[in-house]
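The values are calculated or read from the model by the stated rules, or taken from the named source; none is laboratory data. Since we're looking at a predicted model, the values are computed, not measured. We place every Cβ from the backbone using ideal geometry, glycine too, and count neighbours over all the protein chains shown. When the accessible area is computed, the model is the full protein with side chains, heavy atoms only, and any ligands, DNA or RNA have been set aside. Shrake-Rupley method; radii C 1.70, N 1.55, O 1.52, S 1.80 Å.
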Amino acid sequence: MKQNNHSIISDVKKVKGLGSAHHGNGHWMAQRITAIASIPLVLWAVYSVFNLQGVSYLEFTAWLASPLNAILAILFVLNTFYHASLGTQVIVEDYIANFVFRKIKLIAQKLFFIALGVAVIFSILKIAFTMGI
Amino acid sequence: MAQFTLPKNSKVQKGNHFPAENQGENMKNFKLYRWSPDDEDNPRYDDFEINLDECGPMVLDAIIHVKDKVDSTLTFRRSCREGICGSCAMNIDGRNTLACLKPINEVKGDVKITPLPHLPVVKDLVPDLSVPYAQLASIQPWMKTETEAPTRERLQSPEDAEKLNGSDGKGPAGCILCFCCSTSCPSYWWNGDKFLGPAILLNAWRWIIDSRDEATGERLDELEDPFKLYRCHTIMNCTNSCPKDLNPAKAIAEVKKLMVQKQG
């Protein structure tokens, strides 16, 4: 609801706006849980990248095709993209004041992270199901 | 987008220099922000040279000295001069604090004073606090009960009273609403129309933990909002700037914890 410049409204009406959205706790919790979950997952990812230096394409795909590595890789991608989606949402809400622009940006980046996540997980599964023993 | 630069007519310019009438050994320069709605001039910093032997030890003493002896048009709020009314909150040497509690000798070099950041200026060092006051009204800072009113005071155990006052007198009830904290918070700068800010959230917390108040759930419901509460990103400027040594950041964290608890 946008007030035009000629409205005469009280400061209380202005700050109360449309009232409380009654959500926010879920987002806050999810951001913290994914942050904590990313500690072991990122350690595993960094360790793996380190160990896989110089391996051939076949060696790499064989490594990724093992169930444990494939599952951890999918969890890593899901957790990272979900956390990134939550985090960038906060940045957009902080800095983009225009409602229409903000809403379009929020929807667009959510779709972007979903698409990216699906693409990466599809790739992992494809390798896991075709290159495995 | 959030606005990061000042509009052209708000750029601060160099102002006038007022040398001290009597030179002495303890001289100090005060750079005071000046702006008047009565003319079209840009804001400016006026330079006041003050002989510290002629005024009291606090920054407030110095600006009262300027108003009394040098330039009576200098405008600022002050009342109790002992840190209990919260009127003389301003930005001194880059930090929001109360002029009456800030010793001049804590400031190295020139003492630069501007109004509380990111609020509209009424005149000189006087900011427009109508939005923060309206936000305070919006959290209904009074006791709400359903139980029939007793014929005497509503009783509270000493332990419960201590939650409000703190064992060291630094509980949430110690807030004097000077708004040093809210106006030091970047989140409040960018979204001050929707984010309630640390001062108001500290006061909301003060009523949420009042053992006599019976509207705890409704108060939490009203606060659960991406903007009203969750614009707080634990930057902690609020706690750093509080001239009464209160901890608004902790109060906000406690509110967020209760939100989690409320979900079961």
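What does the charge add up to near B:Val122, with Lys and Arg as +1, Asp and Glu as -1, over the other residues with Cβ less than 12 Å from its Cβ? Taking every other residue near B:Val122 into account, the sum is -1.
Output the DSSP H helices from chain A with an along-axis C-alpha extent of no less than 30 Å and a mean Kyte-Doolittle hydropathy no less than 1.6. Answer set is A:99-131. For chain B, the direction-averaged projected area of the alpha-carbon convex hull comes to 17.2 nm².
What's the angle, to the nearest 10 degrees (0 to 90), between helix B:197-208's Cα axis and the longest principal axis of chain B? The angle comes out near 30 degrees. Taking the protein heavy atoms of the stretch B:9-81 in the context of the full set of protein chains, the accessible area attributed to carbon and sulfur is 43 percent at 1.4 Å. Ellipticity at 222 nm from helices only: DSSP H runs of n ≥ 4 in the protein assembly as shown, each -39500 (n - 2.57), divided by the residue count, give -14000 deg cm²/dmol.
Estimated at the nearest 10 Å², the accessible area of A:Phe113 is 30 Å² with a 1.4 Å probe.
Alpha carbon centre of the stretch B:47-72 versus the stretch B:186-241: separation in Å? Between the Cα centres of the stretch B:47-72 and the stretch B:186-241 lies a distance of 37 Å. Computed from Cα atoms, the angle from the helix B:248-262 axis to the main principal axis of chain B rounds to 20 degrees.
Once you reduce the stretch B:147-177 and the stretch A:82-133 to the center of their Cα atoms, the two points are 47 Å from each other. Placing R0 at 22 angstrom, the Cβ-Cβ distance between A:Lys13 and B:Leu6 gives a FRET efficiency of 0.15 after rounding to 0.05. Just so you know, the Rg over Rh for the stretch A:75-133 is 1.18, from Cα atoms, with Rh as the Kirkwood radius.
Over the stretch B:130-263, all Cα pairs binned in 5 Å intervals from 0 give whole-percent P(r) values of 2, 11, 21, 23, 21, 13, 6, 3, 1, 0, listed from short to long.
In this structure the amide hydrogen of B:Val122, modeled in the peptide plane, comes within under 5 Å of the amide hydrogens of B:Asp128, none closer than 5 places in sequence on its chain.
Shielding by partners for peptide B:128-136, expressed as the average number of C-beta atoms from other protein chains within 10 Å of each residue's C-beta, is 3.
The mean number of Cβ atoms from other chains found within 10 Å of a Cβ in peptide B:214-221 is 1, as a whole number.
With loop membership from DSSP and a limit of 16 other Cβ atoms within 10 Å, the longest segment of chain B without chymotrypsin sites (Phe, Trp or Tyr not before Pro) is B:5-141.
Measuring nothing but protein heavy atoms, the accessible surface of the stretch B:147-264 at 1.4 Å probe radius is 50 percent carbon and sulfur. In order along the stretch B:161-173, phi translates into HN-Hα couplings of 5, 5, 4, 7, 8, x, 5, 9, x, 10, x, x, 5 Hz, rounded to whole numbers, per the Karplus curve 6.51 cos²θ - 1.76 cosθ + 1.60 with θ = phi - 60° and x for Gly and Pro.
Here the simple spin-label model places points 7 Å from the Cα toward Cβ, and for A:Ile36 and B:Met143 these points are separated by 3.8 nm. Do any GluC sites (Glu not before Pro) in the stretch B:1-99 lie in a loop, going by DSSP, with at most 13 other beta-carbon atoms within 10 Å of their beta carbon, and if so which? Answer by residue number: B:Glu21, B:Glu25, B:Glu40, B:Glu82. Here A:Asp94 sits with roughly 20 square angstrom of accessible surface, probe radius 1.4 Å. With only the Cα atoms considered, the stretch B:8-127 has a convex hull volume of 104 Å³ per residue.
Taking both sides together, the accessible area buried where A meets B is about 2200 Å² for a 1.4 Å probe. Farthest toward the positive end of the dipole of chain B, out of B:Gln23, B:Val126, B:Ser138, is the Cα of B:Ser138, where the dipole comes from beta carbon charges about the Cα centre. Under a Gaussian network description of chain B, with springs only between Cα atoms under 10 Å, the residue in B:Lys250, B:Lys123, B:Lys14 that fluctuates furthest is B:Lys14. Note on B:Glu162 and A:His27: with the Förster distance fixed at 25 Å, the Cβ-Cβ geometry gives a FRET efficiency of about 0.15. What Cys residues in chain B are without a partner cysteine, judged by a Cβ distance under 4.7 Å? When partners are defined as cysteine Cβ atoms under 4.7 Å apart, chain B leaves B:Cys55, B:Cys88, B:Cys100, B:Cys175, B:Cys178, B:Cys180, B:Cys185, B:Cys232, B:Cys242 without one. Here B:Cys242 sits with roughly 20 square angstrom of accessible surface, probe radius 1.4 Å. Under 10 Å, Cα contacts only: if you run a Gaussian network model on chain A, which one of A:Ala73, A:Ala37, A:Ala97 comes out with the highest mean-square fluctuation? Answer for the Gaussian network model of chain A: A:Ala97. Here the label points at B:Lys170 and A:Leu106, each 7 Å from Cα along the C-beta direction, are separated by 3.7 nm in the simple model. Solvent exposure of the stretch B:8-127 amounts to 54 Å² per residue of accessible area, where only protein heavy atoms count and the probe is 1.4 Å. Non-local amide H neighbours of B:Cys85 (under 5 Å, H modeled in plane, Pro and chain starts lacking H): which ones? Here the answer is B:Cys80, since their amide H atoms fall under 5 Å of that of B:Cys85. Sequence-ordered 3J(HN,Hα) estimates for the stretch A:8-13 from the Karplus curve with 6.51, -1.76 and 1.60 and θ = phi - 60° stand at 9, 10, 6, 5, 5, 4 Hz, glycine and proline given as x. Counts of other chain beta carbons within 10 angstrom of each beta carbon in peptide B:226-235 average 4.
As a fraction of the 1.4 Å probe accessible area of the stretch A:21-131, surface on carbon and sulfur atoms comes out at 79 percent. The eigenvalues of the Cα gyration tensor, multiplied by 5 and square-rooted, give chain A an equivalent ellipsoid with semi-axes of 44, 15, 11 Å from largest to smallest. Computed with a 1.4 Å probe over protein heavy atoms only, the accessible surface of the stretch A:1-105 comes to 67 Å² per residue. In the stretch B:1-30, burial by the other protein chains removes 10 Å² or more of accessible area from B:Met1, B:Ala2, B:Phe4, compared with the chain on its own (1.4 Å probe, ligands and nucleic acids ignored). Note on B:Asp93/A:Phe122: beta-carbon distance plugged into 1/(1 + (r/R0)^6) with R0 of 56 Å gives a FRET efficiency of 0.45. Among the trypsin sites (Lys or Arg not before Pro) found in the stretch A:1-62, those both in a DSSP coil and sparsely packed, with 12 or fewer other Cβ atoms within 10 Å of their Cβ, are A:Lys2.
A full extension of the chain between B:Glu82 and B:Lys69 corresponds to an added length of 2.5 nm, given 0.36 nm per residue minus the alpha carbon distance.
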